[in-house]
């Protein structure tokens, strides 16, 4: 039985609390820490079987009984708390991104060296039934050599402008999931990034120095071309599709809906919209990623997404940012060289 | 080059005039006859390359240059004109049904005996790309032994009450196409019919002694069970689907639409309705059935739908009528025995 | 917190144990009883948080702490244990069917009278996201007045011949779910049943006195015609679809698959098969039905499927059996009159 | 009645001969010219009602009876014959591209000035039922302001290496249709092109100096971003899809197939592949484009695709070529400035 501490009891922290208590039989949550912990959240956590709640995450770091820490706090705390937890000998599950700053991720990597501790990054989409099936189809060679990879990723609504300002920009906040997906589907890293971006959804996003719409072209190391299209707002819901085209065929996944109901009437033939947002679409994937993390600890296996899998999409995001600003293709090696 | 005379220049007659002039290179229309021929129709026929128009169909029957006759006049004239044409040594393409009266169809059969003339009945759906593909799939054994055959056939709107009164009833007018399709898909005849019917669309149809909604169960000679569902009115258009389930799988066809356009918005994910009615859906099939008829004449082959294929669905229609009236399963042999 | 005892720890009993422990926060399982309880099952139940296991279901009936009983034992025990539990003052959730014998169901109804106890029957499909959405669409009037209801229900593989012999026949064992669904979708009862059935899957089923393939036509009280098609074996998996056609449109649901992956290659465009069988397809629905039962107890509401909802499909099943044997339409009132 | 001469009786010339004789009632083909005219082709043309065949296209240019010329000869002859025909006072329908050389297209434009003659370029896809419906949906504002336009265009098999060498390169030969489609769907011109291309299908294509796989990003004048993905070989057939995403929704079109047949068996749920290639997919569109051309002549209307619509995609193709060679985004204005 793995004893877990969860740092951060916001939206995603609560998702993990629910997953562990209802779906992960070989883990138990000892402590939940959140600096802004409300009484309501504390009560709810206890009703879910959490032993202890606190405002001070150090109580988790310093607790010798706790084997693993889930870092669900704000992005700027991910790398420092990762290092603290590693130094205290704890396995770490860290929400994405580890950091916006490559140097800080390098420090986490250094801290991990030789410890034998497990480190997993929260790219939940790899655990989604559709993306998982698509990746397996490609990996099994069913479509031959991948040549074109297409990822559509559109949110139902933009975040608040306050969030946009601290988000690191769309490429590090939103596209980072798609960068991970491109690596997952291609089975290799990207060499180069080109971005065509625009501010079409809300002028305030542009005023905050960010974009809200983009088409990102990637040259992958295996020769395939990947293309991601993003928008911060799709009125029909969370649009999460992908397609891999290869020498022997194409595999494609479409969106999930709440039901398969289709109504035919004088207006047309109408099915349901995609599930609204990530909590609806990926709830099951969140459970599976934590299950995989706990299993890696229990069975001494590698985590499915290690610290380098956390680093690479950040490099791609920084290259995308540079491409968008300098309006030219940017090599990943340029970012690593800096 | 086969010389053709067309009797009846109504809706379906005009469809055949268009097909022959634009799609059947080895046929030419010499004469079109219609007792109610308007000047406008005559002009149009001539613009399509028809040599001659007349109000008297005898000019076709008696014309020694004419090889084949298409009978597109009202149902009550189908069998007598068939016999006249056969006696004049002409091949006959006859719109469905040959007659509502089995005895009259038997007279046509007798007239044909020993003549070597071709006779084809206008069950156009057999030439539709979807139904054809479904039948081939089944005939090639791709779904194993057929066990359940399902046919959905719903019109977008009911005919006029005046038409209902002379139509012979829904089973002989509308379901007759589905009876033919059940035979086509099963590759055998029906043994027994059971009807559950209702008058749900328009009370005037009930007052005219007919039904407008029905589920018809058929026991086929090969042991398969077929089920047809009909309605005279589907607000979303002409619904023409089928499914054959067998020991090794299932094959199903869905409706055709004007385009594949799908719109996703806040209301849902909406595709186009099925094509409106038979002229839209089956235009291509009408061309193919006439091509097949002309080819059978030119090459001395059997027609794909002979006079017995015209008789069988009438027997099934009469059994359905009896089942509906007597509220019990009715064997086809009961009808033949009468 | 509702205290629950579960009688029967076979396949379906284990499903309910899992649902309650992981998904129903306001219920706790005190005791699980099964006459053939293995040590392995007992250990597993305890690992799931079950307090006590026993071979004697009387320990549940006689335990004053237990509020509610789930009857998941063999069909012949459903009605007697229901009565025992009711007499002991316990709410009852009973797997379908309550009994094959109408008189025995009537005894359960009599036992319930005046007790105020909740009684729910396990027609799990009503809680499936697709069927639920379809029913809501119809109930909200979105397709107008229902005219034709079509239910396809095919199992991936037939049960063992030993099971077939004690199953009560396909209509009471398998079609009973579809009879419930016809009532659910139509919003009313059936008046009459007609069956066309066959033994096409396995001769041994016929030798055991049962059928394995059937098309069942129902006349519903609201004038709609319903049609169910069943087969004990579909090589492509568990086929669970439905369609309701009405005066203002049609609503239809299709199967769920493990993923939306579609592969296009030289052979065609191939998607996944339907989910394999009921445990895959309806796992979520099993959780929801128990949640609803516990909620009804806690909040003093009606259960969504009461004892009469358990009786009606049995009447329909018996009528179907009679129709199949006597080869004629059978009224439900004939069965009730017996 | 418009009298037409057709120059070039290869594959596409024969398509237009067939369309005009079977589908365009207000046009008649007087002469077909082809330097390599075989007796077989001449016989076929005559059987289709063509009055005259010749090896010398001058017989068309110099025939005062001929109103309009269809130029279906090799690409290098398009612009010179266009000019000859215009000078002889004839309306011109010219297959794409008018020329690979912008200066030569400018000469055609100059020749047309002040003549009042109609000039139409053969971008047939605009007349396809799916693309037409998509464009109308967008133009009617049903998806709000277009933000992302996606076009997938993949051929079933690459052309011969001999053809590749004279094709002008993939961007001017194949992508040119997609460049036209981007303009059609966006309702405006492109400003800038960026290409990520590769040689993945056949090394011989690379040796011939061309690419066979590409993702092309376009910045459109209205702010939308368009992205085209191309491949010279898709094993599953001709892949022609598009999607327009906007502020109020998304509209998408998928491929057409020969039938809607779907087979469910132990291997999966399999539908038909897309139609094999352009002759299958766009046969109807070829008829419609000629109908539109003849109508423009008869009614004195503008042609739906004039000489500038022929120029713009060539500019885009040249910019794409430059982008591919120089590996940077290229503005259309750079090409025009040269």
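The values are calculated or read from the model by the stated rules, or taken from the named source; none is laboratory data. Keep in mind it's a predicted model, so treat the numbers as computed, not measured. Reconstructed Cβ throughout: ideal geometry from the backbone, glycine too, with neighbour counts over all protein chains shown.
Annotations
- Test for residue D:171: is it within 15 Å of the chain's Cα centre (by Cα), under 19 Å from residue D:316 (Cβ atoms) and at pLDDT 95 or above: yes
- Residue D:270 being part of a strand (DSSP E or B), surrounded by 23 or more Cβ atoms within 10 Å (Cβ to Cβ) and over 18 Å from the mean Cα position of the chain (by Cα): no
- Search result, residues across the range A:1-22 that are touching a helix residue (DSSP H, G or I) at 6+ places or on another chain (Cβ under 6 Å) and surrounded by fewer than 16 Cβ atoms within 10 Å (Cβ to Cβ): A:22
- Selection from the range D:255-292 of residues that are at the interface with another protein chain (Cβ under 8 Å from one of its Cβ atoms) and either touching a residue at least 60 places away in the same chain (Cβ under 8 Å) or within 30 Å of residue D:1 (Cβ to Cβ) (or both): D:256
- Out of A:157, A:192, A:221, sole residue that is touching a strand residue (DSSP E or B) at 6+ places or on another chain (Cβ under 6 Å), touching a residue at least 60 places away in the same chain (Cβ under 8 Å) and over 20 Å from residue A:76 (Cβ atoms): A:192
- Among the criteria (1) without any contact (Cβ under 8 Å) to a residue 40 or more places away in the chain; (2) away from every other protein chain (no Cβ under 14 Å); (3) in contact with a strand residue (DSSP E or B) (Cβ under 7 Å, 6 or more places away or on another chain), the one residue B:299 does not fulfil is (3).
- Assessment of the range A:247-264 against the conditions (farther than 30 Å from residue C:142 by Cβ and touching a helix residue (DSSP H, G or I) at 6+ places or on another chain (Cβ under 7 Å)) yields at least one matching residue.
- Lone unmet requirement of (1) within 14 Å of chain A (Cβ to nearest Cβ); (2) in contact with a strand residue (DSSP E or B) (Cβ under 8 Å, 6 or more places away or on another chain) for residue C:59: (1)
- Within the range B:23-39, if we keep just the residues that are touching a residue at least 40 places away in the same chain (Cβ under 8 Å) and surrounded by fewer than 18 Cβ atoms within 10 Å (Cβ to Cβ), the residue that is nearest to the other protein chains (Cβ to nearest Cβ) turns out to be B:23.
- Yes/no for residue C:111 being buried (at least 19 other Cβ atoms within 10 Å of the Cβ) and either part of a helix (DSSP H, G or I) or touching a strand residue (DSSP E or B) at 6+ places or on another chain (Cβ under 7 Å) (or both): yes
- The range A:228-245, subset within 14 Å of chain C (Cβ to nearest Cβ) and buried (at least 24 other Cβ atoms within 10 Å of the Cβ), residue farthest from the chain's Cα centre (by Cα): A:245
- Residue within the range B:308-323 that is touching a strand residue (DSSP E or B) at 6+ places or on another chain (Cβ under 6 Å) and either within 14 Å of chain D (Cβ to nearest Cβ) or farther than 22 Å from residue B:183 by Cα (or both) present: no
- Checking B:42, B:9 one by one, the residue that is farther than 28 Å from residue B:302 by Cβ, without any contact (Cβ under 8 Å) to a residue 40 or more places away in the chain and more than 14 Å from chain D (Cβ to nearest Cβ) is B:42 and no other.
- Criterion violated by residue D:325 - all others in (1) in a loop (DSSP other than H, G, I, E, B); (2) more than 19 Å from residue D:133 (Cα to Cα); (3) without any contact (Cβ under 8 Å) to a residue 40 or more places away in the chain satisfied: (1)
- Residue, surrounded by the most Cβ atoms within 10 Å (Cβ to Cβ), within the range B:120-137, restricted to residues that are assigned to a helix (DSSP H, G or I) and touching a helix residue (DSSP H, G or I) at 6+ places or on another chain (Cβ under 6 Å): B:124
- Residues that are surrounded by fewer than 22 Cβ atoms within 10 Å (Cβ to Cβ) and more than 10 Å from every other protein chain (Cβ to nearest Cβ), drawn from the range A:139-152: A:139, A:140, A:141
- Test: residue A:102 is within 20 Å of the chain's Cα centre (by Cα), modelled with pLDDT of 95 or more and surrounded by fewer than 20 Cβ atoms within 10 Å (Cβ to Cβ): yes
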